[in-house]
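**Q** Before I ask anything, here is the structure I am working with.
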Amino acid sequence: MNEVLEKLGRIGLVPVIKLNSPEEALPLGKALIAGGIPVAEVTFRTDAAAESIKILAKECPELILGAGTVLTTEQADAAAEAGAKYIVTPGFNPHVVAHCQQLGLPVTPGVSSPSQVEQALEMGLNVIKFFPAEQSGGVAMLKALNGPYGGKVSFIPTGGVGPKNLIDYLSCPNVFAVGGSWMVPSDAVKAGDWGRIEALCHEARLLSLGFSLLHVGINPQCECCALDEARMFAAMLGMSFKEGNSSAFVGKSFEFMKAQGRGEKGHIAIETLSVERALEWFSGFGIGVVEETIKRKDGHITVAYLDREVAGFAVHLNRK
Ligand code: 3PG
């Protein structure tokens with residue numbers, strides 16, 4: 001896959017932006033980056049689009065900068081010239097798609113039906129926008145499309161997506177990222193309220209990761225006492241005791257290791273909607289992954305340990 005799209009997928013969120021004037025571009029770009037979403041789809045819905053893209057391309061090179069609402073080949077040329085790294089179109093126009101491909105720019109056209117999905121597949125696309133998402137059947141439609149096209153194409157649902165349904169969309173196996181204007185409300189742009197945009201982006205990024213505690217793993221003080229401790233703890237809390245090969249679980253939340261496991265004291269297991277996106281997020285803290293611990297299923301990472309302990313505890317991520 002193209003590396004611009006690959007990175008976009010690891011962030012998983014696409015703010016859809018309408019700028020009134022190119023002067024808004026730079027402070028907005030900075031707010032997106034500070035809020036943890038270095039992605040922008042600057043739409044050609046105003047005359048400020050091309051100039052704004054030019055400014056962002058020059059001043060914020062770390063932004064995954066897309067041009068949105070591209071309806072014509074001329075707009076695609078203007079976007080490319082200004083420095084857009086990918087193109088988004090609301091509908092499926094094969095001429096515009098072919099033109100972007102000739103320009104060497106990744107393009108994610110909007111589709112809302114199986115016929116359009118197949119046209120996109122025929123043109124070699126495997127990441128496409130699903131637009132307008134809510135109005136076109138939302139999560140139920142994406143689940144239905146996963147039957148015939150699962151593993152062949154992933155979607156960027158946009159239109160009516162926001163904090164209330166973000167998790168539902170991101171939980172679909174065929175969702176690559178989600179887009180929307182809720183992270184960049186036009187009244188905030190108009191008012192120059194960049195702090196609000198930064199906060200909305202930060203909130204969306206954390207919501208999209210969906211972190212929650214899965215269990216705590218406890219290394220034994222001595223190998224023979226681990227099971228006794230676990231049995232006693234289970235009795236104290238009135239929880240189940242279940243012995244496995246390398247550990248015993250008390251309820252679902254406490255894993256008593258039979259031998260010294262990873263981590264000085266033990267480990268903490270965190271669940272997330274996407275281990276790939278979580279790792280991208282942690283890379284911002286200078287934290288990486290222990291490669292040999294990565295487990296995969298159906299093209300997704302299901303388990304991976306971080307390469308940094310927290311207070312003596314190793315941390316592993318599990319896909320929800
Ligand atoms: C788009 O162009 O992708 C949509 O207008 C964004 O839709 P939203 O405003 O409902 O997020």
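**Q** Looking at (1) in contact with a strand residue (DSSP E or B) (Cβ under 9 Å, 6 or more places away or on another chain); (2) modelled with pLDDT of 95 or more, can you tell me which one E280 breaks?
**A** Status for E280: all satisfied but (1).
**Q** Here are V175, V139, V111: which of them is buried (at least 21 other Cβ atoms within 10 Å of the Cβ), more than 17 Å from I87 (Cα to Cα) and assigned by TED's automatic domain parsing to the domain that holds A34?
**A** Checking each option against the conditions leaves just V175.
**Q** Just for region 246-284: of the residues that are under 27 Å from the mean Cα position of the chain (by Cα) and in a strand (DSSP E or B), which one is nearest to C172 (Cα to Cα)?
**A** T272
**Q** Picking from I167, I128, which residue would you name as being within 18 Å of C201 (Cα to Cα) and either of a type in the set (A, V, I, L, M) or part of a strand (DSSP E or B) (or both)? Please lay out each step first, then the result.
**A** Working: I128 fails: within 18 Å of C201 (Cα to Cα).
Just one listed residue meets the conditions, I167.
**Q** Restricting attention to region 113-132, which residues are on the phi < 0 side of the Ramachandran plot, more than 16 Å from the ligand (Cβ to nearest atom) and not hydrophobic (A, V, I, L, M, F, W, C)? So that I can check it myself, show each step before the final result.
**A** Going through region 113-132, the residues on the phi < 0 side of the Ramachandran plot turn out to be 113-123, 125-132.
Keeping just the survivors that are more than 16 Å from the ligand (Cβ to nearest atom) gives 113-115, 117-123, 125-126.
The answer is S113, P114, S115, E118, Q119, E122, N126.
**Q** Something else about it: For residues in region 49-88 being farther than 16 Å from C100 by Cα and within 16 Å of the ligand (Cβ to nearest atom), which is nearest to the chain's Cα centre (by Cα)?
**A** I64
Let's see how each residue does on (1) touching a residue at least 12 places away in the same chain (Cβ under 8 Å); (2) touching a Lys or Arg at 6+ places or on another chain (Cβ under 9 Å); (3) closer than 21 Å to E6 by Cβ; (4) crowded, with 16+ Cβ neighbours inside 10 Å:
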{"position": "L237", "(1), (2), (3), (4)": "yes, no, no, no"}
{"position": "S247", "(1), (2), (3), (4)": "yes, yes, no, yes"}
{"position": "K252", "(1), (2), (3), (4)": "yes, no, no, no"}
{"position": "Q260", "(1), (2), (3), (4)": "yes, no, no, no"}
{"position": "H267", "(1), (2), (3), (4)": "yes, no, no, yes"}
{"position": "V289", "(1), (2), (3), (4)": "yes, no, yes, yes"}
{"position": "I301", "(1), (2), (3), (4)": "yes, yes, yes, yes"}
{"position": "R308", "(1), (2), (3), (4)": "yes, no, no, no"}
{"position": "L317", "(1), (2), (3), (4)": "yes, no, yes, yes"}
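**Q** As an exercise: evaluate G147 against (1) within 15 Å of the ligand (Cβ to nearest atom); (2) assigned to a helix (DSSP H, G or I) and give the number of the one condition it does not meet.
**A** Against the list (1) within 15 Å of the ligand (Cβ to nearest atom); (2) assigned to a helix (DSSP H, G or I), G147 comes up short only on (1).
**Q** While we're on this one: Please determine whether any residue of region 214-229 is closer than 28 Å to S112 by Cα and touching a residue at least 12 places away in the same chain (Cβ under 8 Å). Give the steps one after another, and end with the answer.
**A** Initially, region 214-229 is screened for residues closer than 28 Å to S112 by Cα, giving none.
For region 214-229, residues closer than 28 Å to S112 by Cα and touching a residue at least 12 places away in the same chain (Cβ under 8 Å): absent.
**Q** Exactly one condition in (1) within 19 Å of G66 (Cβ to Cβ); (2) touching a strand residue (DSSP E or B) at 6+ places or on another chain (Cβ under 8 Å); (3) free of Cβ contacts under 8 Å to residues at least 40 places away in the same chain; (4) within 16 Å of the ligand (Cβ to nearest atom) is not met by V153; state its number.
**A** (4)
**Q** Hey, among E198, E264, which residue is more than 21 Å from K320 (Cα to Cα), touching a Gly at 6+ places or on another chain (Cβ under 8 Å) and modelled with pLDDT under 95? Give the derivation first.
**A** Details: E198 fails: modelled with pLDDT under 95.
Only one candidate qualifies: E264.
**Q** Would you tally the residues in region 181-193 being away from the ligand (no atom under 14 Å from the Cβ) and either touching a His at 6+ places or on another chain (Cβ under 8 Å) or not in a loop (DSSP other than H, G, I, E, B) (or both)? Write out each step before concluding.
**A** So the first thing to find is which residues in region 181-193 are away from the ligand (no atom under 14 Å from the Cβ), and the list is 190-193.
Those still in the list that are either touching a His at 6+ places or on another chain (Cβ under 8 Å) or not in a loop (DSSP other than H, G, I, E, B) (or both) too: 190-191.
Of the residues in that region, 2 qualify.
**Q** In region 194-245, what residues are polar (S, T, N, Q) and assigned to a loop (DSSP other than H, G, I, E, B)?
**A** Kept after step one, since they are polar (S, T, N, Q), are these residues of region 194-245: 208, 212, 219, 221, 240, 245.
Hits for region 194-245 are N219, Q221, S240, N245.
**Q** Of A50, A98, which residue is touching a residue at least 24 places away in the same chain (Cβ under 8 Å), crowded, with 17+ Cβ neighbours inside 10 Å, in the same structural domain as K30 (by TED's automatic domain parsing) and more than 22 Å from G159 (Cα to Cα)?
**A** Numbers: A98 fails: crowded, with 17+ Cβ neighbours inside 10 Å.
Exactly one residue qualifies, and that residue is A50.
**Q** From the list P61, P15, P90, P94, which one is touching a Leu at 6+ places or on another chain (Cβ under 7 Å) and at negative phi?
**A** P15
The values are calculated or read from the model by the stated rules, or taken from the named source; none is laboratory data. Here the structure is a predicted model, which is why all the values come from computation and not from measurement. Don't worry about glycine lacking a Cβ; one is built from the backbone with ideal geometry, like all the others, and counts go over all protein chains shown.
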